[in-house]
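Trainee: Pasting in a structure now, in structure tokens, and then I'll have a few things to ask.
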Amino acid sequence: VQLVESGGGLVQAGGSLRLSCAASGRTFSLYAMGWFRQAPGKEREFVAAISWSGGSTYYADSVKGRFTISRDNAKNTVYLQMNSLKPDDTAVYYCAAGLTEIATVAPKYDYWGQGTQVTVSS
């Protein structure tokens with residue numbers, strides 16, 4: 001599975017962005033998908049996850065109520081809608097795919113994209 005993120009950029013605080021992650025392969029619907037982020041000098045952290053069916057979602061407390069993860073299995077794509085962005089959301093955002101029900105920890109994911117930069121100015 002190859003993953004390619006897009007949609008990052010520079011936005012002012014309070015603004016919105018939608019990240020997309022396009023996956024190759026015909027088995028996309030078997031994978032749980034997750035979004036993680038890594039800010040400069042910090043560890044990679046979990047942001048959001050969605051089960052293979054889309055029926056279950058998890059969010060980090062820091063983004064709950066502001067971010068929404070979704071997927072379109074027909075398009076082999078997972079999305080992260082980010083609203084009410086804050087400067088603390090500035091990071092490189094990575095999508096990941098894992099052959100698991102759903103997961104919030106990085107070791108459960110088998111494939112990773114190269115990341116897309118999100119910068120939120122104050």
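Trainee: Please report the spacing between the Cα centers of the range 7-44 and the range 61-122 in Å, no decimals.
Mentor: Cα centres, the range 7-44 to the range 61-122: 4 Å.
Trainee: Given a 1.4 angstrom probe, I'd like the percentage of the accessible area of the chain that is carbon and sulfur, rounded to a whole number.
Mentor: Details: 2940 of 6250 Å².
Carbon and sulfur: 47 percent of the exposed surface of the chain.
Trainee: Rank VAL47, TYR59, GLN12 by how far each Cα sits towards the positive end of the charge dipole of the chain (+1 on Lys, Arg Cβ; -1 on Asp, Glu Cβ) and give me just the farthest.
Mentor: Going by the charge dipole, the pick is GLN12.
Trainee: Something else about it: Could you work out how far apart the two model spin labels at ALA60 and LEU99 are, taking each label as a point 7 Å from the Cα in the direction of the beta carbon, and quote it in nm?
Mentor: Result for the modelled spin labels: 2.8 nm.
Trainee: Return the inverse of the average 1/r over all pairs of distinct C-alpha atoms in the chain, which is the Kirkwood hydrodynamic radius, in Å to one decimal.
Mentor: Details: mean 1/r = 0.0714 Å⁻¹.
By the Kirkwood definition, the hydrodynamic radius is 14.0 Å.
Trainee: Here's another thing I want to ask about it. About its Cα centre, what dipole magnitude does the chain give when the only charges are +1 on Lys and Arg Cβ and -1 on Asp and Glu Cβ, stated in debye to the nearest 20? Each step should come with its number before you reach the end.
Mentor: Numbers: 11 positive and 9 negative charges, 34 e Å.
That gives the chain a dipole magnitude of about 160 debye.
Trainee: Oh, and also: Let me check against my output: what whole-number percent is the relative contact order of the chain, with C-alpha pairs under 8 Å and at least 6 apart?
Mentor: Values: 315 pairs, mean separation 44.0, N = 122.
Rounded, it is 36 percent for the chain.
Trainee: Which of the lysines could be linked to LYS75 by a straight reach, that is with a Cα gap under 28 Å, when you skip same-chain ones fewer than 8 residues away?
Mentor: LYS64, LYS108
The values are calculated or read from the model by the stated rules, or taken from the named source; none is laboratory data. For clarity, every value in this text was computed on a predicted model and none was experimentally measured. All Cβ positions, even for glycine, are placed from backbone atoms using ideal geometry, and neighbour counts span all protein chains on display. Just so you know, the surface numbers come from the protein's heavy atoms only, side chains and all, with ligands and any DNA or RNA stripped out. Shrake-Rupley method; radii C 1.70, N 1.55, O 1.52, S 1.80 Å.
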